[in-house]
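The values are calculated or read from the model by the stated rules, or taken from the named source; none is laboratory data. What you see is a predicted model; the values in this text were computed from it and never measured. Virtual Cβ from ideal backbone geometry, glycine too; neighbours counted across all protein chains shown. Areas reflect the complete protein model, heavy atoms only, side chains present, ligands, DNA and RNA absent. Shrake-Rupley method; radii C 1.70, N 1.55, O 1.52, S 1.80 Å.
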Amino acid sequence: MSPSPKKKREEPKYELLYHPGIPGRGEFVRLVFEATGTPYIDVSNQETRGYAKAKKLTAEGKPPVFAPPALLIHGEGYDGKPLLISQTANILLYLGPKLGLVPEGDEVARYYINGLTLTALDLCNEAHDVHHPIDVAQYYEEQKKEALKRAQAFKRRISLFLEYFEGVLNSNEEGAGKYLVGKQLTYADTTLWQVLVGVEFAFPKTVGKVSKSCPLLFSKFKESIKEQKGLQEYLSSDRRLPFSMGIFRYYPELDAE
Ligand SMILES: N[C@@H](CCC(=O)N[C@@H](CS)C(=O)NCC(=O)O)C(=O)O
């Protein structure tokens, strides 16, 4: 007797577990799904009582997740169970080859791509730490004095980061200013792009100044990423959440001259 054909999963294989209502670090994961037209469920934003489900799944993981984002991948864990992985860069490292967002068969490139992604996420962390320099559990208003001081340091740090990425774009000839590594879109590009638009939202004056020394980054690179087929549609949809009170926040006093 021939084996019965495997029942095809009708639900998406990927479930993103993250806080509802903000782009946050979940956005780095959404972008790779959207750029490649990969079906996924954004549990907290799309399901009734989704946030409660996301919190339960992350708490009950083996091992549990310390902080979201996390990704649940059906059928890929031990014995065909779901696989639950955490940490933004780790999730992207997993998805990169599966979604075609790293050059095929080039192991070296994977580590360049992941290194650049981690660097872009370092800048993301530093942008966050400007409004929360002392304690993530306290309000910004409780650490305003320290935040002002941190903002001064951030103005120096952001130039270093952005000029570094400008140099990476310049040195990757085959990317023609559009891609950080090689001649195709990678998850390092989508991640850096999200950080760029995030810091532009949070620190418009500061970024305006730095952008003068990063012409490729703020023209060809920034434009080409948002013109990728899947992203164009996503960015004008209501799935794309606006920046508000998450990682990238606009406090005029932190962006002052
Ligand atoms: N390094 C982690 C950071 C995760 C993180 O800080 N998540 C935030 C939301 S974006 C959170 O909920 N943190 C709670 C906490 O740290 O207690 C990553 O990149 O995934």
Counting only DSSP beta bridges fully inside segment 4-140, the antiparallel percentage to nearest 5 is 75
Which value, in debye to the nearest 20, gives the size of the charge dipole of the chain about its Cα centre, when Lys and Arg are +1 and Asp and Glu are -1 at the Cβ?
360
For the chain, what does the accessible surface come to per residue with a 1.4 Å probe? Please give it in Å².
53
Given the options 36, 84, 152, identify the residue whose Cα lies farthest towards the positive end of the charge dipole of the chain (+1 on Cβ of Lys, Arg; -1 on Cβ of Asp, Glu).
84
Using DSSP to define loop residues, name the chymotrypsin sites (Phe, Trp or Tyr not before Pro) in segment 41-120 whose beta-carbon has at most 16 other beta-carbon atoms within 10 Å.
66
Work from the charge dipole of segment 163-236 (Cβ charges, +1 for Lys and Arg, -1 for Asp and Glu, about the Cα centre) and give the residue of 203, 231, 193 farthest towards its positive end.
203
If you place +1 on the Cβ of every Lys and Arg, -1 on the Cβ of every Asp and Glu, and leave all else neutral, what size is the dipole of segment 140-193 about its Cα centre, to the nearest 20 Debye?
320
Assigned charges on the beta-carbon of Lys, Arg, Asp, Glu; segment 107-232 dipole about Cα centre (debye):
400
Using DSSP H assignments, which helices in the chain have an axial alpha-carbon span of 30 Å or above and a mean Kyte-Doolittle hydropathy of -1.0 or higher?
107-131, 144-171
Which lysines does residue 56 reach when only Cα atoms under 18 Å apart count, and residues fewer than 8 places away in its own chain are ignored?
81
